[in-house]
Structures are given as structure tokens and as C-alpha cells.
Amino acid sequence: MNIQISNLSSEPIYLQIKNQLKAAIITGEMKEDEQLPSIRYLAKELRISVITTKRAYDELEAEGFITSVQGKGSFVSRQNEELIREEQLKQIEEALMEAIEKGKLIGLTIEDLQKNLEVLGGHD
Amino acid sequence: MIGIFYKDIVSSKLSYFLTVIISLVIIFYAISQHQTIFIPFLFVYLPIILTGVAFTVEEQSSNIKFILTTPISHTTYVKSKYIFTLCFSFLEYISSLVVFKDQFGNLQTPSLIGALVFSLPIIITSIQIPCILKFGAEKGRIIMVATYFGLFALSNLLSDKLEVIISKLQNIGMSYAYLVTAGICLSILMIMAISIKIGTLIVQYKEY
Amino acid sequence: MEYAIEVHQLIKRYEDFTLGPIDLKVPKGYLIGYIGENGSGKSTTLKAILGLIQPDSGKITVFGNQVKDNPQLLNKIGVVFDNLFLPGEMKLKEVGKYCSLSFTTWQSKQFEEYLHQFKLSPNKKVKDLSRGMKMKLSLSIALSHQAELLILDEATSGLDPVVRDEILDILLEFLQNESHTVLISSHILSDLEKTADYIAFLHKGKLLFMEQKDQLIEEYGLCSVSNEAMKTIDPEAIVGKRSHAFGQELLVKRSLVPESMELSKPSIEDIMIFIIKGEV
């Protein structure tokens, strides 16, 4: 698994970790019941504070992506299909928003984009 | 305590080695010249020198700051500084017995003389160590020099009055000799205990 | 939360300087950076914790006990000062022997491994070590008696960046155990910038704050504004400022300025300097 921390990003470090772990779970890179690196190990390897890592894990747990077992570590939880679907829908929305913003820059209307989408996707 | 004593020895091996060599030379010289009476007195000077060396080396490296971060109580640290003296005092006592045994043909009188000589270095270090702990090895050395002179004067005085003292000692009943020896030793050890207590208090309230 | 060190109302008076009253709780399991300018009282605090000096008042406990009443506690505390206070004539293997006679929890094997790892020869004398090597020896000793708390007093100052980096790795390795705690005083903040969990900031003998580093960095923001624009900002929001010929640089509390304001992330160093120098 890869985790990259960027100091240039305006995103706080805990959020960067959280998002990358979340992506790994959603894409299936990390399977159900797979153990996550320990908080302290991750902190050491990335040279960030333990509290930062802990916060990322705590939020992932609160959102239902991972479960922590006292004394054993954190594991990818059984994924709620709905949760994943919701998360993926959110990502698609974000990508579409980006396309709309970029389209606006060169004067494309929503209709134009729709046509584009149909061409690209093909339709039965 | 053993730890600190070990450190004191290995941290100035050369000084101790030289001291031992010089002492051996003096002992052999004394024996060859039939002046064996010097031997017990040699053991009076040695612990004072060695204690001084130990403190100087310790001070050069601010070693006390390290020592106080090891799990050693202040009392143990102070006690470790009396080991030299105790060892040599013991040697002194033994050597007094050996040296004076032939002279008197019995053990009682040498035992008394031994006890007196035994008490000297302990009394001196009992003054010396709290002074060094309080004022540092540098100023402590001045006190050391002063005690040297004191000792020198005392040993001069003693050798002049030796006959008188010995006859007086012989007047103490032979049967009481060991009792008096024990009494002297006990009171000397008490002086040492008080000195250790004072030394500990000094270390406790000093800033490092 | 469990605490490794608890300092309560510590006061130490000197002729020209008074430390405290200091209240400081060091949580177990974290790396705490104790920062402040030279002479702010960092070393005095650490010495008081270790029982090397007598406080005028206050109570200090380490793992619930006072060091001066309980020297055995020092088995559990690894100490690294800015200098190695061992006689120069001692060989490193003799240092090991000495420590084995002093610490009841001494691990000779571990000590030898550290010497090997740091490329320190057991036959070398203390006086022949470079500054960096002395620091590594000091750290080797501190880590070889099963310490649960490491106290480093300006240990990394004066070392080159490569050695500092090596030492940082060792500290992070030490912290892999959840019950291990590191308290490090330093005025070199780059070391602490990323890895510290908490920052305690001492200024002129007073503890200004002890906060999670992440919170600290999120709480404050840096911005450059013109003199006119500064007047529109809530004075309460400005923590520190640096006025220059062409405007103002400000350290502000994010919660008290409009969200539209463009703020950059401050470093711990920025926060320290702005607070010390920025008279508002």
C-alpha cells in the first residue's frame, strides 16, 4: 500500500492519510478483515505525529470503514455496500463537477457536456 | 556503590598504578632499612591522596550529573567515597599488627597502636569528603594540604612521644586492650557515619 | 489519560530569574517537545524533574513517585544531556560495565548492539569521541536499561543534520511501544515540527501553553496584510505581528478572522517567534 504525504497541500495531514486509506478500501486494494498498519508504525514510517495518525484512524472508524480491536490493531470492516456506493457516487459527483467547471472555462454548456457524455459512453 | 567505586578506579588507572608502585617502593625501602614503622603511616596518607584523585577526575567531567541520573541514592554515592579509606585503614591495622608484633612480643599493644593509626585516615577523610562535596575538589585540595601539615606535625609529635605513648598504652591492662581497640574503632566508625550523613545532606541541597 | 510526568506548581527562584509556577502534565505514550528560547528555563525544569536541583516549592512526580525519594525510579528514565558527563579516560566497554553495576535493569547485550549500530568501538576512550559520537553513546546508555521515559535536554543541538536525523529515527523506534514517552527540550524546532505529538512552550520562566501540535497548527494562521487592512482585523485575533516598511505580517487565530481571509500554515518556529517577538 502507498501513502504519500504532501506538505504543499492545504489539506491537513490526517485528512490526507484518511482519504488515501479510504480510497484503498473502496477500490478493494485493501480487503475485508485485512489488518491496517499500526498507528505507531505508520507514524514512524511517515515521520508524523502519533496523534495525527490516530485521528485519521478514529475518523475512519467513525465512518465505518475500519474496526479497531483493543490490543490487536485496526482491520478493514465488512463493507456496507450502500456505504461504498454512496462514497463512490460522491467521487463521481466530484469528477463531474470538475468537468463542468472546466467546460465553463471554454464556454461549454450543460447540454454540450451531455452530448459529449452520450458520445463517450455510447447509448443503446 | 560498587559501580561508582569501579568507575573511580578505571577512570584514573594511571594515577592509581603509579601510587601503588611508589607505595611498594617505599615499603621495600622501609623493610630494607628496618624502618618498618613507616609502613602503617604510609597507609595513612594513601587514602587521602586517592580520594582526592577520585574527586578531581569526577569534577573534570562533571561526572556527578551522570551519577545522579543513575538509580543510586545520594547516601550510596557519598558512602562509595569512603571505600578507599576503609580498605586502607584495614591494611593499616593489619600492618601495625605485623610491624609491632616483633617489637612487643604480644598482640595487645600492637592492636592498640593499630587502632589509633586506623582512626587517623578515617578522621581525616571524614573531614575531607564533606569539604570537597561542599566546596569542590579545587578548594578541597587546599583543605587536603592543610590536613597534610596537620598529619605531618602529628606524626612528628607522635614519633617524639612514641615511647611515652607506648608505655602509657602498656599501662592499660592487657586484658582491656581488645576492648579499648573495639571502643576506638566503634567511635571512629560513628564519626564516619556522621560525616556520611553530612555529606549526603550537602549533595541533596547542592545544585547540579 | 495516564501521565508519565506530573509537575504541580513548580517554582524555582534564582537571583536574576524565576521559573514557574509551572503546571505540566506529560501524557504517557507520546513525544513532547519542550520549546523556548535559551534561558527560558527548560533545563531547570528538566533538572527539577530528575531531582538534580531542589525546587523552592511544588511537587513533581514521575510515574506517580518522586525521584528524590525513590532513586530506583531512575532505572525507568533514560537521560540524555547536551554533553556526556563521563570521565574521559574510561573505555566504552568500561562504561558498559559501570552501568551494569549501577542500573539494576541494565541489558549488556542491548548496549553492545547499540554500540555496534552506531559504529562505536568498545575499546575507544570517552575523550576520543566526537560530539556526535558522545551523543550516540549517551543515547545508547539511556536506551539500554529498559527505560520507559526518555528525557533529552538540548541533546541534538550542535549536531549535524544527518546525526540529528539518525537520532530522530531511534526516538521514533522507541515510541513504537505504547507505554514509552519522550520529553525533548530543544530550540531546534525542525526536528519536532513533524513528529512531536505535543508542544509545551516556555517563555521567561512561564509555560505559555501545552497543546497538541496538530491543533496548534490548525488554530493559527499566517498572513501578510497592508497597514490599512490590519485595522479591519479584530485585535483579539492577532497573536503576534511583524511590522515592516511595506506592511504587516501577522499570526492570527483562525477562529477570529473572516473565513475569506487567505492564511498559510505556520510552522512551530513561526508560532514561537511571533509570540516571543510580536508585541501587539
Residue within the stretch B:72-87 that is in a helix (DSSP H, G or I), within 14 Å of another protein chain (Cβ to nearest Cβ) and in contact with a strand residue (DSSP E or B) (Cβ under 9 Å, 6 or more places away or on another chain) present: no
Count - residues of the stretch C:173-184 that are free of Cβ contacts under 8 Å to residues at least 60 places away in the same chain and surrounded by fewer than 20 Cβ atoms within 10 Å (Cβ to Cβ): 3
Members of the stretch C:249-277 that are assigned to a loop (DSSP other than H, G, I, E, B), within 13 Å of C:Ser224 (Cα to Cα) and open to solvent by less than 20 Å² (accessible area, probe 1.4 Å): C:Pro266
Which numbered condition B:Thr75 fails, given (1) within 20 Å of the chain's Cα centre (by Cα); (2) surrounded by fewer than 22 Cβ atoms within 10 Å (Cβ to Cβ); (3) of a type outside the set (D, E, K, R); (4) under 26 Å from B:Phe28 (Cβ atoms): (4)
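Every residue, every condition in (1) touching a residue at least 12 places away in the same chain (Cβ under 8 Å); (2) part of a helix (DSSP H, G or I), yes or no:
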{"site": "A:Asn2", "(1), (2)": "yes, no"}
{"site": "A:Leu8", "(1), (2)": "no, no"}
{"site": "A:Tyr14", "(1), (2)": "yes, yes"}
{"site": "A:Ala23", "(1), (2)": "no, yes"}
{"site": "A:Thr52", "(1), (2)": "yes, yes"}
{"site": "A:Tyr57", "(1), (2)": "yes, yes"}
Selection count where residues are within 14 Å of chain C (Cβ to nearest Cβ) and of a type outside the set (Ser, Thr, Tyr), scope the stretch A:9-45: 14
Check on B:Ser15, open to solvent by 20 Å² or more (accessible area, probe 1.4 Å), on the phi < 0 side of the Ramachandran plot, without any contact (Cβ under 8 Å) to a residue 60 or more places away in the chain and within 14 Å of chain C (Cβ to nearest Cβ): yes
Total residues in the stretch B:49-65, condition open to solvent by 20 Å² or more (accessible area, probe 1.4 Å) and closer than 15 Å to B:Lys206 by Cα: 4
Single match in B:Ile122, B:Ile83 (criterion: open to solvent by less than 10 Å² (accessible area, probe 1.4 Å) and touching a residue at least 60 places away in the same chain (Cβ under 8 Å)): B:Ile122
Members of the stretch B:125-162 found to be more than 17 Å from B:Pro40 (Cα to Cα), among the β-branched types (Val, Ile, Thr) and either open to solvent by less than 30 Å² (accessible area, probe 1.4 Å) or touching a residue at least 12 places away in the same chain (Cβ under 8 Å) (or both), listed by number: B:Ile127, B:Ile129, B:Ile132, B:Ile143, B:Thr147
Elements of type helices (runs of 4 or more DSSP H) in the stretch C:1-117, at least 2 residues being within 11 Å of chain B (Cβ to nearest Cβ), more than 17 Å from the chain's Cα centre (by Cα) and within 29 Å of B:Gly3 (Cβ to Cβ): C:92-102
Test: residue in the stretch B:26-47 that is closer than 21 Å to B:Glu138 by Cα and either touching a Gly at 6+ places or on another chain (Cβ under 8 Å) or within 14 Å of chain C (Cβ to nearest Cβ) (or both): no
Any hit, the stretch C:19-32, residues being small (Gly, Ala, Ser), at pLDDT 90 or above, assigned by TED's automatic domain parsing to the domain that holds C:Ser121 and farther than 29 Å from C:Met133 by Cβ: yes
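The values are calculated or read from the model by the stated rules, or taken from the named source; none is laboratory data. Note that the structure is a prediction, hence the values are computed from the model and not measured. Virtual Cβ from ideal backbone geometry, glycine too; neighbours counted across all protein chains shown. Side chains are part of the model used for accessible areas, which takes the heavy atoms of the whole protein and leaves out ligands, DNA and RNA. Shrake-Rupley method; radii C 1.70, N 1.55, O 1.52, S 1.80 Å.
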